[in-house]
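Worksheet: one structure, shown below.
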Amino acid sequence: MRKALYPGSFDPLTNGHLDLIRRTSKMFDEVSVGVLINMQKTPMFTADERVALIAEAVKDLPNVKVIQFAGLLVDYVKENQITAIVRGLRAVSDFEMELQMASLNKKLNDDAETIFMMTATEYAYLSSSLVKEVFKFGGDIKDFVPDNVYEHMYSKK
Ligand code: PNS
């Protein structure tokens with residue numbers, strides 16, 4: 001069974017993330033969306049909230065599950081027989097950090113292969129941080145996040 005892990009902070013899930021999950025789900029038998037618990041910065045949403053929001057957004061994709069992980073990514077990869085870590089590339093600016101992470105993960109665990117998906121052009125400018133900033137200053141984020149994430153964000157305001 002070919003298992004992909006799509007890890008991230010997902011604070012919050014954006015339409016760019018969701019597009020990438022959909023496309024990845026066609027290529028693997030199972031896709032785990034891995035929500036990082038121990039983030040360096042304080043998240044806007046708790047890990048449980050992020051998991052619940054993603055689970056709702058992907059409920060039409062039967063081979064996608066949402067999990068939480070803490071600690072090293074490569075440990076999760078090893079313990080769960082993950083075939084490939086999937087990461088999205090939006091622009092050249094993402095490349096440097098992604099190359100560093102993929103190379104480090106490979107060094108820590110030689111079986112940890114990372115594959116990169118190009119983010120759809122229409123979402124290339126999107127990031128969770130920018131969505132939070134626009135939201136914080138009262139801008140409309142409707143086109144940037146799935147409907148359930150949008151509703152959740154406004155219900156908390
Ligand atoms: O959405 P993000 O914040 O770009 O995702 C970054 C993430 C979660 C993939 C990365 O920070 C991570 O894997 N963290 C877990 C700790 C770890 O394994 N660090 C060393 C290798 S990068």
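Applying 1/(1 + (r/R0)^6) with R0 = 35 Å to the Cβ-Cβ distance of Arg2 and Gln40, what FRET efficiency is obtained, to the nearest 0.05?
Details: r = 31 Å, r/R0 = 0.89.
Here the calculated transfer efficiency is 0.65.
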Among Gly16, Gly138, Gly88, the residue with the largest mean-square fluctuation in a Gaussian network model of the chain built from Cα contacts under 10 Å is Gly138
Helix 92-108 versus the longest principal axis of the chain: what angle, 0 to 90°, nearest 10, using Cα atoms?
40 degrees
Can you give the accessible area per residue of the chain, in Å², using a 1.4 Å probe?
56 Å²
Estimated [θ] at 222 nm from DSSP helical runs (n ≥ 4, -39500 (n - 2.57)) normalised by residues in the chain, nearest 500:
-12500 deg cm²/dmol
Cα to Cα, under 25 Å, and not fewer than 8 places away if on the same chain: which lysines meet these conditions relative to Lys78?
Lys3, Lys26, Lys65, Lys106, Lys107
Roughly how tilted is helix 47-57, in degrees to the nearest 10 and between 0 and 90, from the longest Cα axis of the chain?
80 degrees
Looking at the P(r) of region 91-157, how many percent of alpha-carbon pairs lie beyond 17 Å?
57 percent
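Using 0.36 nm per residue, how much length does the chain from Arg23 to Ala55 gain when fully extended, once their Cα-Cα distance is taken away?
Result: 9.9 nm gained on full extension.
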Using only Cα atoms, tell me the angle between helix 147-156 and the longest principal axis of the chain; keep it within 0 to 90° and round to the nearest 10.
60 degrees
Ordering of 115-128, 72-85 by burial proxy (mean other Cβ atoms within 10 Å per residue, highest first)
72-85, 115-128
Cross-link reach list, lysines versus Lys41, counting only Cα pairs under 23 Å and skipping chain neighbours closer than eight places:
Lys132, Lys136, Lys156, Lys157
Restricting to bridges with both residues inside the chain, how much of the DSSP beta-bridge set is antiparallel, in percent to the nearest 5?
0 percent
Carbon + sulfur, % of accessible area of the chain - ligands and nucleic acids excluded, 1.4 Å:
54 percent
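The values are calculated or read from the model by the stated rules, or taken from the named source; none is laboratory data. What you see is a predicted model, and the numbers here were worked out from it, not measured in a lab. Every residue, glycine as well, gets a Cβ built from its backbone with ideal geometry; the counts of neighbours run over all protein chains shown. Accessible surface areas use protein heavy atoms only, side chains included; no ligands, DNA or RNA. Shrake-Rupley method; radii C 1.70, N 1.55, O 1.52, S 1.80 Å.
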